[in-house]
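**Student:** I have a structure here, written as structure tokens, and I will follow up with some questions on it.
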Amino acid sequence: MEQQALSATEMRVIIFVIGLIVLALIYFFGRPRKPGQGKRTLFQGRKGQRVEPTLSESSDFEEPGEFADAPTGEQFDLLGSTPSEVDDASSAPRKNARSRRSAKPPVGARPSGPIEHIVTLFVSARDGATISGSDLVVAAEKAGLEFGDRGIFHRMVTGRNEAGPVFSMANMLKPGNFDMARIETLDTPGLTLFMALPGPLPALDAWDAMLPTAQRLAELLDANLQDEKHGALGRQGIAHIRDQLRAWDRKHEGESFRANW
């Protein structure tokens, strides 16, 4: 049987249909992809639930200083510890991050500037004993300390929080902060009080506030008051520290203290 030739009309219809198919293919494969289309999706949880990525928080506090070795455990880095060293369950880093974004600094935040001298005292539990978290919170309140920046306690100048702390109190062991959400479970071998100079007060005035506070804490917690080398702090040691701070004040006589910066 002979095949009939296609008519001109049928040829035009076939060419038109083929043209439409070609145009559709060009449109489908030639259009630009949306951002991320065709790429592997990250941060995907189970059952398709999306897990939001988070940015790690880092400290911009770079001032140096470290406690001497304690008889047990590791020491808290005075002013150089970062939030990465803090227990993940602690809310202190998140509070610090929020406070850095706010206009008003948190209680105990130290203004920027170099640290020239640090005075350290230890309140150490007696042999075979520890200091409980609940007891230290009560003692800190009775001694006039406020919980604040970096998750530790501070003595402030009344009405001048922006001037920074007169001195601060941290846990003797790393990471040094106090997790208030779990404070009742804390047991520590001791506390560290430290005064960084220059501060909001002359050095001798700051010492005259720090020493009685440390003595009061030792009394309330039935603990030992020790110098920076973990030796018993006696009259001779106190006199030596006072001489050092008197010389520091003379050296900086006439300079404005941080409260007036």
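The values are calculated or read from the model by the stated rules, or taken from the named source; none is laboratory data. Predicted, not measured: the structure shown is a model, and the values here were computed from it. Backbone-built Cβ (ideal geometry, glycine too); neighbour counts: all protein chains shown.
**Student:** Among the residues that make up region 113-134, is at least one of them in contact with a Pro (Cβ under 6 Å, 6 or more places away or on another chain), outside any strand (DSSP E or B) and at pLDDT below 95?
**Tutor:** Checking region 113-134: not a single residue is in contact with a Pro (Cβ under 6 Å, 6 or more places away or on another chain), outside any strand (DSSP E or B) and at pLDDT below 95.
**Student:** Right, another one. Please go through region 171-187 and pick out each residue that is surrounded by 20 or more Cβ atoms within 10 Å (Cβ to Cβ) and outside any loop (DSSP other than H, G, I, E, B).
**Tutor:** Asn171
**Student:** Looking at Arg242, Arg246, Arg216, can you tell me which residue is among the charged types (D, E, K, R), in contact with a Lys or Arg (Cβ under 8 Å, 6 or more places away or on another chain) and more than 15 Å from Gly108 (Cα to Cα)?
**Tutor:** So the residue among Arg242, Arg246, Arg216 that is among the charged types (D, E, K, R), in contact with a Lys or Arg (Cβ under 8 Å, 6 or more places away or on another chain) and more than 15 Å from Gly108 (Cα to Cα) is Arg216.
**Student:** Does Ser81 satisfy the criteria of being of a type in the set (S, T, N, Q) and either exposed (fewer than 13 other Cβ atoms within 10 Å of the Cβ) or modelled with pLDDT under 95 (or both)?
**Tutor:** Criteria met by Ser81.
**Student:** Write out, first by first residue and then by second, each pair whose Cβ atoms fall under 8 Å of each other, whose residues are 6+ apart or on separate chains, and whose first residue, in region 152-179, is touching a residue at least 12 places away in the same chain (Cβ under 8 Å) while the second is part of a strand (DSSP E or B) and among the acidic types (Asp, Glu).
**Tutor:** Listed by first residue and then by second, the contacts come to Phe153/Glu146; His154/Glu146; Arg155/Glu146; Met156/Glu146.
**Student:** Farther than 21 Å from Val138 by Cα and not aromatic (Phe, Trp, Tyr): which single residue out of Gly176, Gly231, Gly190, Gly151 fits that description?
**Tutor:** Only one candidate passes the filter, namely Gly231.
**Student:** Filtering region 190-213 down to residues that are small (Gly, Ala, Ser) and part of a strand (DSSP E or B), which residue is farthest from Arg110 (Cα to Cα)?
**Tutor:** Gly190
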